[in-house]
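Student: Sharing a structure below in structure tokens format, with a few things to ask.
The values are calculated or read from the model by the stated rules, or taken from the named source; none is laboratory data. Computed from a predicted model, the values in this text were never measured in an experiment. Here the Cβ is made from the backbone with ideal geometry for all residues, glycine too, and neighbour counts use every protein chain on show. We work out accessible area using only protein heavy atoms, side chains counted, and drop any ligands, DNA or RNA first. Shrake-Rupley method; radii C 1.70, N 1.55, O 1.52, S 1.80 Å.
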Amino acid sequence: MALAVACCLLFAPIAQAEELDQPPQAPILPAPSNVVPPSGQAPPSPEGVTPHEPSKPPSDYVPEPTPTVNVTGGVDLPLDGDRLRLDADSWRVDFENGDASVVTARGNVRATYRDFSATASTAQVDLRTKDATFSGNVVLVIDGQEIRGDEVGINLDTRQWRFESAKSTVVPERIPEYIHAPVYLSGAVITGEAGKIIHVENGGFTTCNLDHPHYFINAGSATVWTDRKLVARDTTLVALGRTILKLSRLAIPIKQLRNRTNFIPLVGQTAAEGFYMKAAYGIAAGESNSANLLIDLMSKKGVGVGVNDQYNFKTGAGNLNLYQLYDQTTDQYSLTGRLAHEQRLGTVKMNLTSDYRSHSYQYSPQSTSLLNELRFDRQRTGASTQLLLRDSLETGFGRYDRITSNLSHFQQFGEKSRGTINLDYFRSENPFFVDGATISTANSQLTSRLDYETQEKAYDWAVRYARIDDLSDEAFISSVGPQFAGTERLPELELTSTSQRLGVDLPLGLTANTGFSVGRYREDLGRVEDDRAVADISIPGQKIRLADKLDLRAGAGFRQYFYSDGAAQYSIDTALGITRTIGEKSSAALDYRYLRPRGFTPFRFDFIGKYNTLTGRFNLQETERVKLSLYSGYNFDQDTFPWQDITARMTYKPSERYLIYTSTGYDLNRSQWRSLVNQFRVRYDNDFKVDLGTRYDIVESKLASVRGQLDTPMGKLWRLRANAGYNGYTSNFDYTNVQIVRDLHCWEATLTYVNETGFWQDKGIRLNFRIKAFPLFDSFGVGQFGQRLDSSVGEVL
């Protein structure tokens, strides 16, 4: 909640705020204790990766320890098959018609019932209405949520509760995906229902843990659906002791916080957009619906407006996003929209997605695309059914229309048998250029598959059927030939087993896998059609100890193919490996792989490659400080280039703070070196991080690429983050990002410089403010296609 309205607060340090009236008194938050919250920092990153994390959450807060509820005596009060454990210094029980009706406890009251526990000075439990009232220094813990106050009433049946003069702390452990630091709530009355909602009347909230918070949001009423959203009404933003802003309503869709960063206004400048400010304002707030108006002001592009609507009804939920911009640079309207809806129809779950983009400068300014997808899913015990319909249309440089659909059903028959049915339909309409003219052509096909499998004691058997029906335009097919490739089984019978299941004992304790299949097959829509039978036997690679620290691994296989037109082929597969252990962790090994087919097959899917290779490797890793590996090989089937490169990799780690990695290769066939790859990494306890990666082209005598990252504190409140990538072949930087972070206790400010090339030129300066408790998406160090910009420069293969 604090996140969305923090926009004015976050700009308070750089804009003079006029006091509207006397600010309400901020609440006195729980006194600190010695419990340190989780920092949210990732563990040390692997080689070549620097995690760019925002500043830590406020580290000086320590919530009050929760009183331990340890009921060892007292009484058990029966309540519908469950029991309320209640202990206290003194008791009183009132009876009605001979049955206990009201139980009153005083002094050091401790209680537990199902998923709640409580401590208080006094307690009263009405066994008739199942209402319990706790008074005096009450601490209630329910569903992991702790609430403190003067008096609480809770219905033990409905699990609804009501707190008077209450304070509550929503801790990060409860919803770690949404908050990284506690959110402090206080109010005259706080009510809730376990596992569903929390409602605050005449109260407010903050993520600042000081006695007098840097900011506080007062609300006439506020409601939190912990898994969906937060809605507040009659809100007042108080920052640095001043009333900054009053809002009649405020709605924040919690699930979308990671997807949008402009609930707090985003200010910056880029080459494409010019100077800009992007913000959002709540226009609807309710239990089942919340909507925000999006406003983007860009000096080059113009004014963009949109709406983001999140709705949640009893049997359905979804999101609707619309955005329109009159692009001044292209003199045309840009419109984007997306609908994602999920609906429950009895036992069927339906998902509808529709995505529309027209002349979007971030995708393709001269094109329009529309994607619609409808999915039905029904899951039952031993059975599942799915239906998918998808239509994709793109226009711009021609018209491209693609329709795909799939119907699949899985059915279990007892414990040992199962079957699947799949129907796939595909249709593609594309422009086709013939003699300078553009012709619209349509290709379509239907693929039908049926599989049935069952398990017997000694073997498994399966029947498979697959058929491809070409539904394309015959004139087009006759002119350019079939456009689809695939294998049809009309049908196929398959048997598989093992030597153990067949009761055959092999020497040396070896095991064997066996298989046999027969059927009629067709490729390329009838161009090749033949009957085929295959028999195979294989011995998986097994380890044999030859001597101390000397092991042999061996495996082999044989497969025979027969075809009804008289053709036949067979293949022999052999794998041998010998490993010598050196010391405790180091080793040397030789591996030989042989695969040789003989004969002829009319089918492409039966094609078998050839192997006749010997490879060797040496790994030295006795200590964590130094690790070295060497690798090479020889291909006996290659006459011109039989040797594999000698590849060398070394890692030197003198301490936990430093790591150096280097690798290169030598081409034995051409007698020349491969590129030299280096990685250098530094880590210090004060979160100082440096990663540097280089690739040097030895043949060209040129530094091919350099990539680096820096993340370092500058005093207690400032931080510098930077990354850059230099291309030695173009003598230009592919990207340069620099960010200065200012820690503002419970929030932070960032000033970012970006200069990237790629799909479009992205160059500019951005100013952003964020409340640190909320884990918004951090775009620093992320490229235009969502990739992480790290210091990796590849490997030597």
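Student: Place the peptides 303-310, 545-552, 579-586 in order of packing, highest mean first, counting for every residue the other Cβ atoms within 10 Å and averaging per peptide.
Tutor: So the peptides 303-310, 545-552, 579-586, ranked by packing, come out 303-310, 579-586, 545-552.
Student: Under unit Cβ charges (Lys, Arg +1; Asp, Glu -1), what dipole magnitude, rounded to 20 debye, does the stretch 666-797 have relative to its Cα centre?
Tutor: Roughly 240 debye, rounded to the nearest 20.
Student: Over the stretch 597-701, what number does the Rg to Rh ratio reach, with both radii from the alpha-carbon atoms and Rh per Kirkwood?
Tutor: Result: Rg/Rh = 1.18.
Student: Rule-of-thumb check for the stretch 672-765: C-alpha Rg over 2.2 N^0.38 Å?
Tutor: Normalised by 2.2 N^0.38 Å, the Cα Rg of the stretch 672-765 equals 1.33.
Student: Given N residues in the stretch 625-682, what is its alpha carbon radius of gyration divided by 2.2 N^0.38 Å?
Tutor: With N residues counted in the stretch 625-682, Rg over 2.2 N^0.38 Å equals 1.44.
Student: How much accessible area per residue does the stretch 487-560 have, in Å², with a 1.4 Å probe?
Tutor: Accessible area per residue: 56 Å².
Student: Quote the FRET efficiency, to the nearest 0.05, computed for Ser121 versus Ala188 with a Förster distance R0 of 30 Å and r equal to the Cβ-Cβ distance.
Tutor: With a Förster radius of 30 Å, E is 0.90.
Student: On the accessible surface of the stretch 290-438, probed at 1.4 Å, how many percent belong to carbon and sulfur atoms?
Tutor: 57
Student: May I ask you to order 503-511, 644-652, 382-390 by the average number of other C-beta atoms within 10 Å around their residues, highest value first?
Tutor: Peptide ranking by packing, descending: 644-652, 382-390, 503-511.
Student: Is the C-alpha gyration tensor of the stretch 551-653 telling us rounded, prolate or oblate? Criteria: a/c under 1.5 is rounded; beyond that, a/b larger than b/c is prolate, otherwise oblate.
Tutor: It is prolate, given that a/c is not under 1.5 and a/b is the larger ratio.
Student: In whole percent, what relative contact order does the stretch 301-366 give with Cα contacts below 8 Å and a gap of six or more residues?
Tutor: Rounded, it is 25 percent for the stretch 301-366.
Student: Moving to a separate point now. Tell me, what is the FRET efficiency for Asp234 and Leu322 to the nearest 0.05, using R0 = 25 angstrom and their Cβ-Cβ distance as r?
Tutor: With R0 = 25 Å, the Cβ-Cβ based efficiency is 0.30.
Student: Mind checking the full-extension length gain between Arg114 and Thr420? Use 0.36 nm per residue of separation minus the Cα-Cα distance, one decimal, nm.
Tutor: Value of the extension gain: 105.8 nm.
Student: With all protein chains present, how much of the accessible area of the stretch 484-598 (probe radius 1.4 Å) comes from carbon and sulfur, to the nearest whole percent?
Tutor: The C+S portion of the solvent-accessible surface of the stretch 484-598 is 57 percent.
Student: Further question on the same structure: Using a Debye calculation, one point per C-alpha and no hydration shell, please list log10 I(q)/I(0) for the stretch 507-585 at q = 0.21, 0.25 Å⁻¹ in order.
Tutor: Calculated log10 I(q)/I(0) at the listed q: -0.96, -1.13.
Student: Then there's this: Provide, for q = 0.10, 0.12, 0.20 Å⁻¹, the log10 of I(q)/I(0) from a solvent-free Debye sum over equal Cα point scatterers in the stretch 259-354.
Tutor: -0.35, -0.49, -0.99
Student: Please sort 744-755, 685-696 by packing, taking for each peptide the average over its residues of neighbouring beta carbons within 10 angstrom, highest first.
Tutor: Per-residue Cβ counts within 10 Å, averaged per peptide and sorted highest first, yield 744-755, 685-696.
Student: By DSSP, what percent of the beta bridges with both residues in the stretch 529-614 are antiparallel, rounded to the nearest 5?
Tutor: Just about 100 percent of them are antiparallel.
Student: Testing the spin-label approximation: label points 7 Å from Cα along Cα→Cβ at Leu717 and Arg580. State their distance in nm.
Tutor: 6.5
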